[in-house]
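These notes concern the structure reproduced below.
The values are calculated or read from the model by the stated rules, or taken from the named source; none is laboratory data. Worth saying up front: this structure is predicted, and the values here are computed from it rather than measured. For neighbour counting, all protein chains shown are included, and Cβ atoms are generated from backbone atoms with ideal geometry for every residue, glycine included. Side chains included, ligands, DNA and RNA excluded: accessible areas come from the protein's heavy atoms. Shrake-Rupley method; radii C 1.70, N 1.55, O 1.52, S 1.80 Å.
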Amino acid sequence: MLTNKSKHLLYIFIAIFLFSFLTTSYCGTTGKLAGVVSDKSTNELLIGVNIMIVGTMMGAASDLDGNYFIINVPPGLYEIKASLIGYASIIIKNVRISVDQTTKIDFEFVEESVKIGEVVVTAEKLMVRKDLTSTEAKVSGDQIALLPLEDVQSVVNLQAGVMDGHFRGGRKNEVKYLIDGVSVNDAFSGTSTLEAEVSTIEEVQVLTGTFNAEYGEALSGVVNQITKIAGDKFYGSVSLYSGDYVSSRTNVYTNINSISPVDIKNIQGSFSGPVPGLEKLLKFNISGRYLADNGYLYGQRQFNPSDSSDFSANDPNDWHIGATGDNKFVPMNISEKYILQGKLAIKVGSGRGIVLNALYQNKDYKDYNHNFKLNPDGDYKKFQKSFLLSASYSHVLSNAAFIDFIGSRFETKTNQYAFENPLDSRYVSPDRLRDSGNNAFLTGGTENWQFNHNTQTYTGKSDLTWQINHIHQIKTGVEFNYHNMEYEDFQIVIEPSTGNVPTLPTPGSFNFNTYKANPYQIAAYIQDKIELDYLIVNLGVRFDYFEPDGKYLKDPNNIAVLDSMLPPFPDSLMEKATSKYQFSPRLGISYPITDAGAIHISYGHFFQVPPFEYLYRNPNFRIPLSGNFPANIGSTLGNTDLEPQQTIMYEIGLQQALTPELGITLTGYYKDIRNLLSTEIYIKNNFKKFSKLINQDYGSVKGVTFTIEKRFTHYFSANLDYTYQVAKGNASDPNDAFNNASANPPIEANKQLVPLDWDRTHSLNFVFTSGIPGNFIASFISQLGTGLPYTPSLQNQRTGLENSDKRPTYFNVDIYLIKYFKLFAKQLSVYLKVYNLLDTANEQEVFGDTGRAGYTLELTRSQEKPRGVNTIGEYYTRPDFYSAPRQIIFGASFAF
């Protein structure tokens, strides 16, 4: 008799065998060129026409029906040449190949006797993609270079249906980010911790609809960043810029009138080309960037962390204020980032050969904490290092089939602390955090916890694409991910009994959590792209398996018995988490209604394992009965037996070209979301509430997007997209149920679906670019949206249903002006970027009693001076409630 685990392993083996046997492409990094060849005068289909991609070894010959195809083409702009004896050759320039897309190029030949010579044509972007079966946006690196955009995330946020990283109403960690087909999501947090620099991008593919079966571990969307491969000639560029935040709102932003042109500084460069002496074998691409931003949220060092004050007396004249700070202004949302990237292409065989890729990012930053405004040195500093190393090999089996192999290692290391050394003498007693009273800035003290985690993910893939004929393209693959996780959080203990000297608790105690885990995942898929003249179908299915490698507490009601134990705990109290697996069907259909229009419908099931921080949180199962602990530390139990979260997505859309330069797209979508994370409430010792993470939350999203696109002709291009969306659920955060139960008085759980925190009902994006390429370019981006929801409250007590009211409308304009010059026969450009051109005070957070960021009823209710050094008005002036003020950047770039 097989055990349950043996059965699971058997299922895995059978699934992988079947998928592998049928044939085996990892997340798309190439596209396809296809078309029909005919005689222009007779319409006769031509056989044996040679079609070549100029400058490469890729090509094909037309078959008996005049059809041809070339697969495994990296994205980019190409020149295509078609030739046949007796006919004039045809060259088509500026043909763009995109990821996971069939580019249709038909050739009509004229007999050479006509004496017209070689025919040269420039390809134009088609306004309708007939093989599009779900919503997808593709932005080339050339397009990004003409817009006021600093990173890939800003490119993503411009797409219809995306709101600040939320895809069609989903949570932020439901999106999978890829670089050259390799995932760069940190398995611990579920979010992307690494992105390619925009200067290295060949194309960004943004999937917000029902994506194909080759993409897994994502509920809401996929972002695929394809980086450039070097050409046959050397190319380099250097770019520098500097700037600062400029605003007249000195009543909101401390120190904003102190303008320094180097508060923001950026230096970046790249160099690519063939390796000297090995030009036909090796090509390289290296780039680097340094970016430092002092931010726009400042504090003032009136106090040092060790300062002690006494505000206990009723008469303010009797207060003791022990301020020893130097009163200097200190940036409190500072960031500094280093990025290095290298790519080496080794020409082996007739395919793309071997490609080695390395990407490193080091980011140091701080998040603004309003309470530390006068004691900025006591707050947390954050550090994140990410490193991706990958190797891929593409082996061509025939003109119709190629197989990809890829191996990668991705690591994210995150640290958070006030001072790196936990025994640093600058750590002080937590009593200093209690010197001042309510509505008062801290006059001393340090954050006395440290958080450290390191996640390493090792990935291996073997995939194959097979163009069976000009109708069917089979893609199938298998993937294995092995995770190595290390985590710790601990409190620096400072007590009179130890002479107020920092000490560390015992690992495994209430205030020292640590764990290691090695979960792994296996996936396989198969899909068929069926391309007929009158119908295109994407049909596929995906299999995912997850082994959590962990145990969970059988009955949280018995948690008190663990207080006298140290891990590992007895099996009588623990249960091993079971393996999880599921099949996900995907279907997309495109029906061309005319030469200038197409309708598509799509449907799919999508699963995603919860971020690992929720599976392994509080591994020592410690629930202290007293003491001050950071959020979710000491109050929530992780659950290694969590089920994958699920979304079922439906979509219908229309593409229509109004003219060769102008097109519209209309799309409707619906998402049914189940098994989202929530918390279940328990009570320890009859009074201490705590929670356990479970699959319980749910939601639904429905929406419509409308896009008008005018491609770049007559010196300008424009894109306007509008999104109407209703995103509702029973909770916006997995911890909502526990937070509501812990409130005083407790808040009743929602009995109905309520707007989610990121539910922006109406949003409008407008992008405009004008100018003469190579001479002068001006572009701007304008965004308009209804306010996000908030919960009305008075004196911290709800006065309405959750998220039943709206914040003010959001509006923003960014501009980019660039002028090109010739210097030593090379290109020099100077530019100006202004973000938030109108210095609009967008209210991102609001007070619950007024629904505004600049005013609260607390200012009229509280007549007593806070027990601290500030006034009540100073405390309730919240610069962090607003979006960033105007940012002005001047820069120059030199390409050689």
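Tabulated results
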| read-out | value |
| --- | --- |
| Residue count for region 831-855, restricted to those that are acidic (D, E) and under 17 Å from T786 (Cα atoms) | 2 |
| Residue within region 346-354 that is farther than 21 Å from I226 by Cα, of a type outside the set (A, V, I, L, M) and open to solvent by less than 50 Å² (accessible area, probe 1.4 Å) present | no |
| Every pair of residues 6+ apart whose Cβ atoms lie under 8 Å, when the first sits in region 842-856 and is closer than 19 Å to L801 by Cβ and part of a loop (DSSP other than H, G, I, E, B) while the second is open to solvent by less than 10 Å² (accessible area, probe 1.4 Å) and aromatic (F, W, Y) | none |
| Leading residue by the ranking (surrounded by the most Cβ atoms within 10 Å (Cβ to Cβ)) among those in region 318-339 that are within 24 Å of A418 (Cβ to Cβ) and β-branched (V, I, T) | V330 |
| Some residue of region 483-496 being under 30 Å from K576 (Cβ atoms) and open to solvent by 50 Å² or more (accessible area, probe 1.4 Å) | yes |
| Hits in region 505-561 - residues which are surrounded by fewer than 17 Cβ atoms within 10 Å (Cβ to Cβ), among the aromatic types (F, W, Y) and modelled with pLDDT under 95 | Y534 |
| Qualifying residues in region 290-317 (those that are at pLDDT below 95 and open to solvent by 40 Å² or more (accessible area, probe 1.4 Å)) - the one nearest to P885 (Cα to Cα) | P316 |
| Region 339-365, subset touching a Gly at 6+ places or on another chain (Cβ under 8 Å) and not aliphatic (A, V, I, L, M), residue nearest to I406 (Cα to Cα) | N357 |
| Residue ranges of strands (runs of 3 or more DSSP E) in region 662-758 with at least 2 members open to solvent by less than 70 Å² (accessible area, probe 1.4 Å), out of contact with any Gly (no Cβ under 8 Å at 6 or more places or on another chain) and under 21 Å from R171 (Cβ atoms) | 662-684, 688-713 |
| Qualifying residue in region 603-614 (condition: surrounded by 19 or more Cβ atoms within 10 Å (Cβ to Cβ) and of a type in the set (D, E)) | yes |
| Lone unmet requirement of (1) touching a Lys or Arg at 6+ places or on another chain (Cβ under 9 Å); (2) of a type in the set (A, V, I, L, M); (3) open to solvent by less than 20 Å² (accessible area, probe 1.4 Å) for V95 | (1) |
| Any strands (runs of 3 or more DSSP E) falling wholly within region 495-549 and containing at least 2 residues that are closer than 25 Å to F606 by Cβ and not β-branched (V, I, T) | 520-531, 536-547 |
| Counted residues, region 786-807 - those being in a strand (DSSP E or B) and open to solvent by less than 40 Å² (accessible area, probe 1.4 Å) | 3 |
| Residue within region 78-89 that is part of a loop (DSSP other than H, G, I, E, B), open to solvent by 50 Å² or more (accessible area, probe 1.4 Å), over 30 Å from A577 (Cβ atoms) and at pLDDT 80 or above present | yes |
| Scan of region 808-827 for residues that are under 25 Å from the mean Cα position of the chain (by Cα) and either part of a strand (DSSP E or B) or buried (at least 17 other Cβ atoms within 10 Å of the Cβ) (or both), ordered by number | Y810, F811, N812, V813, D814, I815, Y816 |
| T29, sole failed condition from (1) part of a loop (DSSP other than H, G, I, E, B); (2) at pLDDT 85 or above; (3) out of contact with any helix residue (DSSP H, G or I) (no Cβ under 9 Å at 6 or more places or on another chain); (4) β-branched (V, I, T) | (2) |
| In region 32-67, residue surrounded by the fewest Cβ atoms within 10 Å (Cβ to Cβ) [restricted to those that are of a type in the set (S, T, Y) and over 25 Å from G351 (Cβ atoms)] | T42 |
| Among the residues listed as L178, L219, L278, the single one being open to solvent by less than 10 Å² (accessible area, probe 1.4 Å), of a type outside the set (F, W, Y) and part of a loop (DSSP other than H, G, I, E, B) | L219 |
| Residue count, region 432-460 (criterion: over 15 Å from H370 (Cα atoms) and either part of a strand (DSSP E or B) or not basic (K, R) (or both)) | 14 |
| Conditions (1) crowded, with 20+ Cβ neighbours inside 10 Å; (2) at pLDDT 95 or above; (3) of a type in the set (G, A, S); number of the one not met by S394 | (2) |
| Subset of region 560-570 [over 14 Å from G550 (Cβ atoms) and either assigned to a loop (DSSP other than H, G, I, E, B) or in contact with a Lys or Arg (Cβ under 7 Å, 6 or more places away or on another chain) (or both)] | A560, M565, L566, P570 |
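Rundown of residues vs (1) out of contact with any Phe, Trp or Tyr (no Cβ under 7 Å at 6 or more places or on another chain); (2) charged (D, E, K, R); (3) modelled with pLDDT of 95 or more, yes/no style:
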position	(1), (2), (3)
T850	yes, no, yes
K865	yes, yes, no
T871	yes, no, no
D880	no, yes, yes
Q887	no, no, yes
F896	yes, no, no
